Amino acid sequence: MRERIASGEKNTKIPDSGEQFSYVVVNNGPRYKEDGTKSTRKGDYMEFVNIAKEQNMEIDIGYYLEQTVGMCARFINEDDMFQPPPSDKIMQIKDTDEREKRIDDYSQRKAKNWLNKYIKTLQ
């Protein structure tokens with residue numbers, strides 16, 4: 001999408017600043033930054049919906065599944081099975097805010113891993 005806008009392609013309407021527009025994240029190969037490293041920015045993989053349909057571009061299903069798994073993990077990460085054991089070094093942190101942040105990171109990571117494994121058993 002970025003290249004299409006920059007090149008001034010005829011059928012590409014550039015949205016005004018702040019204007020909403022519909023897009024999808026497409027899987028059309030890796031994009032690279034100027035320094036040669038692979039880009040992980042969502043904007044480099046976005047495409048206008050109408051252009052993605054017209055050109056039959058492949059939607060990056062993995063991107064959308066990853067987002068969904070992360071949201072679902074938020075609903076289950078409070079379960080005891082995803083909490084660090086009392087002996088874990090996280091539980092020894094004195095600063096309550098820092099400890100809670102680390103516990104949340106730990107439980108979210110564990111819940112996402114569990115969901116990903118569960119999804120694989122369904123396939």
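Structure values in brief
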{"read-out": "Candidate aspartates and glutamates - alpha carbon under 19 Å from K42, same-chain residues fewer than 8 apart omitted", "value": "E3, E19, E34, E58, D60, E66"}
{"read-out": "√(5λ) per eigenvalue of the Cα gyration tensor, segment 64-122, largest first, Å", "value": "25, 12, 7"}
{"read-out": "Projected label distance in nm at E58 and L122, using a 7 Å step from Cα toward the beta-carbon", "value": "2.3 nm"}
{"read-out": "Length added when fully stretched, E19-E66, from 0.36 nm per residue minus Cα-Cα", "value": "14.2 nm"}
{"read-out": "Residue pairs, from the table K89/K110; K13/K53; K89/K120; K33/K110, whose Cα atoms sit over 25 Å apart", "value": "K89/K120; K33/K110"}
{"read-out": "Kirkwood Rh, Cα atoms: Rg over Rh of the chain", "value": "1.13"}
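Bear in mind that the values in this text are calculations on the coordinates, not laboratory data. Here the structure is a predicted model, which means the values were calculated and not measured. In this analysis, Cβ positions are derived from the backbone assuming ideal geometry, glycine residues included, and neighbour counts consider all displayed protein chains.
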